[in-house]
Amino acid sequence: MKLAMIYSFLKQDLAKIEESINNTIQAQHPVLREASTQLLAAGGKRIRPVFVLLGGMFGNYRLDRMEAVAVSLELIHMASLVHDDVVDNAQLRRGEPTIKAKWDNRIAMYTGDYIFARSLESLSALEDPHAHRVLAKTMVELCLGEIEQVKDKYRLDQNIRDYLLRIKRKTALLIAASCQLGAIASEASRQYERALYRYGYFVGMSYQIIDDVLDFTASEEELGKPAGSDLLQGNITLPVLYAMEDEGIASELHLLFQEDTEKLTPEDIAPIITKIKAGDALDRSLELSDRYLQKAYQALDVLPAGRAKQTLRGIAKYIGKRKS
């Protein structure tokens with residue numbers, strides 16, 4: 001089953017949100033307009049708007065309020081991708097040239113900043129100080145995660161705790177905020193709001209770990225970028241940390257990263273990727289991902305039965321089994 005089938009009953013509301021995202025990012029300046037539109041056209045799962053809508057179903061669901069939140073969160077995600085591509089010197093995203101590849105780093109950074117600003121403007125339609133505090137705190141943590149990723153590039157002395165804190169900030173908290181802000185916008189109870197936040201956090205942690213596993217196991221066609229791109233760009237993910245418990249692999253990486261990292265090629269890291277795939281690092285990573293998913297299921301226990309709860313469970317189950 002495709003992910004979109006799990007929440008197919010949201011199709012009309014998501015179409016409205018997609019239209020609103022497109023309208024929101026339109027800029028008077030032609031370069032900003034073209035760059036932003038290119039990013040939107042590259043597609044995406046729009047999973048954050050989905051979580052907003054589902055979170056809103058545990059209170060007084062009003063599409064106009066859900067739309068303001070969903071657009072804001074998706075734009076924050078989009079902006080972070082633009083900045084990520086600059087940091088990683090990435091040429092492709094979802095199989096299409098990145099903004100930095102088509103223009104340059106300066107255009108990409110300004111485009112990301114513009115999209116961030118538009119996201120805040122979208123949420124201003126929601127007159128709820130609690131919602132704005134949650135979003136502001138999430139954006140601060142997201143920026144800290146970006147800085148940590150830059151600092152940790154090619155750094156092989158980091159540990160699993162460093163990795164988990166980084167993915168919490170870069171991925172999990174925005175998904176958690178999506179679920180939580182949907183609840184806040186619908187004036188759901190604080191008990192439901194907290195449960196949805198916890199669910200989103202645990203799902204987000206699992207999602208990113210699986211992403212990092214797929215970077216080694218999925219094809220370039222499935223990833224929309226070359227396999228092993230994270231390691232090539234110096235991003236030390238959970239499978240690498242587990243694999244480095246083997247002193248031979250750790251020594252190979254140390255030697256490799258002593259060279260000019262800007263000149264590293266996929267061929268240079270191919271032997272290490274082969275060894276990582278041959279060991280137990282990927283299985284151990286998936287085991288940790290599954291532990292987070294089990295906590296996500298438990299977080300749903302306090303929520304009332306119904307289509308929204310069933311769908312949240314179905315999405316978590318899909319994430320645990322996804323292949324791309």
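Only one of Ala101, Ala90 is over 20 Å from Ala185 (Cα atoms), hydrophobic (A, V, I, L, M, F, W, C) and in contact with a strand residue (DSSP E or B) (Cβ under 9 Å, 6 or more places away or on another chain). Can you tell me which?
Ala101
For region 213-324, please list each of the helices (runs of 4 or more DSSP H) lying entirely inside it that holds at least 2 residues being modelled with pLDDT of 95 or more and either of a type in the set (A, V, I, L, M) or on the phi > 0 side of the Ramachandran plot (or both).
238-243, 281-299, 307-321
Residue under question is Asp152, and the condition is that it be farther than 26 Å from Lys309 by Cβ and touching a residue at least 60 places away in the same chain (Cβ under 8 Å); does it hold?
Against the criterion (farther than 26 Å from Lys309 by Cβ and touching a residue at least 60 places away in the same chain (Cβ under 8 Å)), Asp152 qualifies.
Checking Val82 against (1) within 18 Å of the chain's Cα centre (by Cα); (2) over 25 Å from Ala188 (Cβ atoms); (3) surrounded by fewer than 17 Cβ atoms within 10 Å (Cβ to Cβ): exactly one of these is not met. Which one?
Among (1) within 18 Å of the chain's Cα centre (by Cα); (2) over 25 Å from Ala188 (Cβ atoms); (3) surrounded by fewer than 17 Cβ atoms within 10 Å (Cβ to Cβ), Val82 violates only (3).
Confirm whether Val71 is buried (at least 17 other Cβ atoms within 10 Å of the Cβ), in contact with a Pro (Cβ under 9 Å, 6 or more places away or on another chain), over 17 Å from Ala308 (Cβ atoms) and free of Cβ contacts under 8 Å to residues at least 60 places away in the same chain.
yes
Tally up the residues in region 155-207 that are under 19 Å from Val52 (Cα atoms) and in a helix (DSSP H, G or I), please.
Result for region 155-207: 36.
Please verify whether Leu196 is more than 20 Å from Leu144 (Cα to Cα), open to solvent by less than 20 Å² (accessible area, probe 1.4 Å) and at pLDDT 95 or above, treating the condition exactly as stated.
Yes.
A quick yes/no check of all residues on (1) farther than 20 Å from Tyr207 by Cα; (2) touching a Ser or Thr at 6+ places or on another chain (Cβ under 9 Å); (3) open to solvent by less than 20 Å² (accessible area, probe 1.4 Å):
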position	(1), (2), (3)
Arg46	no, no, no
Phe51	no, yes, yes
Arg93	no, no, no
Asp113	yes, no, no
His130	yes, no, no
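Applying the selection to region 139-167, what residues are over 22 Å from Asp88 (Cβ atoms) and open to solvent by less than 40 Å² (accessible area, probe 1.4 Å)?
Those that are over 22 Å from Asp88 (Cβ atoms) and open to solvent by less than 40 Å² (accessible area, probe 1.4 Å): none in region 139-167.
Polar (S, T, N, Q) and open to solvent by less than 20 Å² (accessible area, probe 1.4 Å): does that describe Thr311?
yes
Regarding Leu181, is this residue touching a Gly at 6+ places or on another chain (Cβ under 9 Å) and crowded, with 21+ Cβ neighbours inside 10 Å?
Judged against the criteria, Leu181 is a match.
Quick check: is even one residue across region 116-127 closer than 24 Å to Leu253 by Cβ, open to solvent by less than 70 Å² (accessible area, probe 1.4 Å), in contact (Cβ under 8 Å) with a residue 60 or more places away in the chain and not in a helix (DSSP H, G or I)?
No, every residue in region 116-127 fails to be closer than 24 Å to Leu253 by Cβ, open to solvent by less than 70 Å² (accessible area, probe 1.4 Å), in contact (Cβ under 8 Å) with a residue 60 or more places away in the chain and not in a helix (DSSP H, G or I).
The values are calculated or read from the model by the stated rules, or taken from the named source; none is laboratory data. As the structure is a computational prediction, the values presented were derived from the model and not from experiment. Cβ: placed from backbone, ideal geometry, glycine included. Neighbour counts: every protein chain shown. In case anyone asks, the SASA skips ligands and DNA or RNA and just uses the protein heavy atoms, side chains included. Shrake-Rupley method; radii C 1.70, N 1.55, O 1.52, S 1.80 Å.
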